[in-house]
1. Using the Karplus curve 6.51 cos²θ - 1.76 cosθ + 1.60 with θ = phi - 60°, what ³J(HN,Hα) values do you get for each residue of the stretch B:224-231, in whole Hz, with x for Gly and Pro?
2. Filter the GluC sites (Glu not before Pro) in the stretch B:264-328 to those in DSSP coil with at most 15 other Cβ atoms within 10 Å of their Cβ, and list the result.
3. Long-range amide H contacts for B:Arg261: which residues qualify at under 5 Å (H placed 1.01 Å from N, peptide plane, sequence gap of 5 or more or a different chain)?
4. For peptide B:165-176, compute the average count of partner chain beta-carbon atoms within 10 Å of each residue's beta-carbon.
5. Find the relative contact order for chain B and round it to a whole percent, using C-alpha pairs within less than 8 Å whose residues are 6+ positions apart.
6. Given N residues in the stretch B:243-325, what is Rg(Cα) / (2.2 N^0.38 Å)?
7. Rounded to whole Å and ordered largest first, report the semi-axes of the equivalent ellipsoid of the stretch B:128-274 derived from its Cα gyration tensor (root of 5λ).
8. Note down the magnitude of the dipole of the protein assembly as shown about its Cα centre, charges +1 on Lys and Arg C-beta and -1 on Asp and Glu C-beta and zero elsewhere, to the nearest 20 debye.
Amino acid sequence: MADFRLPILLLLGLSAMGPGAQSLESTYRTAGPAVHAAFDSVRDVLQTSSAVFQRGRREVIFGTVVSADGHILTKASELGELEDLTVLVDREAYTHPRLLAEDPAWDVALVKIEASNLVPVRWSTIDEAPQGTWVVTNGATTRRQRRVQVGVVAANEREVFAKGGTVLGVELDPDAEGLRVAGVTEGSGAEAAGMESGDRIVAVGGREIASREELLKDLKERRVGERVTIRVRRGEQTIDLEVELAGRAELFGEEQTRNDAMSGEFSERRTGFPRVMQHDAMANKHYMGGPVLNLEGECIGVNIARFSRCETYAIPSLEAAELVKRLMDEPALR
Amino acid sequence: MMSSRLLVLATGVALSLPLLAERPEINDKRAPADRGDLEKIQSLLTTALPAARQATVCIDLGEGSGSGVVISPEGLILTAAHVTGGVGKEFTVVFEDGRKVKARSLGLNSESDAAMAKIIEEGTYPFVRVEDQDRTKLGDWVFALGHSGGFDKERGSVVRLGRIVRSSNSTVQSDCNLIGGDSGGPLFDLTGRLVGIHSRVGQRLPENMHVPMREFLKHWDSMADSEFLGEGPFAKKPEKGKGFLGVSVEAREGAGVRVRRVGRESPAERAGIKAGDVFLKMDGEALESKEQFAELLKEKAPDDPVAFEMLRDGKTETLTLRLADRDG
């Protein structure tokens, strides 16, 4: 396994600093109250235009207010069952949120609460926020007060591919000739599409596939959430199944690396996004879903995944605004 | 103490730039007061970033990676001792645009975690200036760059903004969060001058340690001369007698010793030494017996270079190779 260098003090048997060290009072540190106070005008935007999904008193995930009458964009995979969730916007608590639509490629959900006169975020129209731009996003919250976490745009905008590629969620029989399904993974796209043990996969997306290698190669070039037509032979029948692809790491889990071990609570779904803007504000997996604001208070992105100790991904504003428009036009799920 | 080498470098840089950047006044405020102050920080950072990124490199060690930063047009690199791991080691350096060049480690300080390396391919490389006036203070705004988790061309190196939150003679701590792969990467002040090199982290999130520039300046000449300094935890000094060549030799009529057998995948085999070759001299000393040859080798440590004058097919040849580790 690759060894990315960085010793941890404890392992070296060293104390943090030598004797006679000077220390900066915590209020003046980047995450301290004195520094955060300079962001007060942007905090006001978080107060009115971010949402907090709570289960009991516990924060589950944040959300971004995208319409005056209660549409909220959030991270789908952290939401869980909606019934017992309370949604805080400003100082109001709303119950019975409804799931309107989801987009698996971006891992977002559009949720509706019964509200009026909310203040939706103002989408920034800048194509790509320059690196080094301040970002202001949700930090710890109370029932009445949203607080900030701050950072900067930290890397190039780009696509982040699913770690390990995409999968259907089947186990193939290694001894059989061709691609015989030996098992279907619970909760997978293959299961949802009705694939069964004994099915023989003969084509993917209209292209004939004869070997495991060909299948893996085909899936490697596809995205999480993409729906692909899988043609199978079942006995004498030929059946076309629409399978939604998942990320390998999400469905089958992944081995924890040393970097993961030092990253606290990172998002389970943290790779496989068509485009991300990266920033370095402190966060954990519950801090996702809320808006990422610049100093003007414009929304330059929506937090979508805590990747590591120092890396958070957001959906860039242009893509997020587009996504909201598309999801609002879709027929409601339930 | 300031080395003449660095003075030359600093002067050269000063001449090539229209203005030697002043210490930003925002550092003298205990906290930014308003949006105007925040914009000042943002503007300094976005201005300093492009040049800083160009000089920040990934140090690819094969089985892992760290980071480093180029500080002279000829390709002198500052990094961490636990990244280079020793003196005279060769590795690949990757610039942000994906360009790869070979480099070799120079000296290091195993107590402070400071290390130097040099690109060995000739060229002119993007570089940054070193903050050599020791002007960085507690509370100063700084930014970190590094190839977090390894090289990713699409992503580039990762920026983190923070402040100097603790400072002692041999270590500075910032609230720029580091992760594996960042080691050896640069910490800059807001004018883009190099103030530290990433070294280690604490268990708690905001403990991120860097080697301050003054630690480098203190031992600059020794490190440039490929010395292994100190007996600290960041690098293990190669032990005398552990050097491994991989040949057995026999006495010979006249001068030198004859190679009887060459070990598989040994440094000798890799250097092309074959059975029947005759070693006439080792590091300039005439070889007379098997025992004397063994005594000379015993003085050598892993990674030490050894020069042979050889006799092969009646012709004299010279050859230099590096010893491996007897235990590894």
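1. 5, 8, 6, 8, 9, 9, x, 10
2. B:Glu265, B:Glu288, B:Glu299
3. Those lying under 5 Å, H to H, from B:Arg261 are B:Ser248.
4. Mean shielding by partner chains, rounded to a whole number: 5.
5. Reported relative contact order: 15 percent.
6. 0.96
7. They are 45, 19, 14 Å, listed from largest to smallest.
8. 1020
Every read-out reported here was derived from the displayed coordinates using simple, explicitly stated rules and does not represent laboratory data. Here the structure is a predicted model, which is why all the values come from computation and not from measurement. Backbone-built Cβ (ideal geometry, glycine too); neighbour counts: all protein chains shown.
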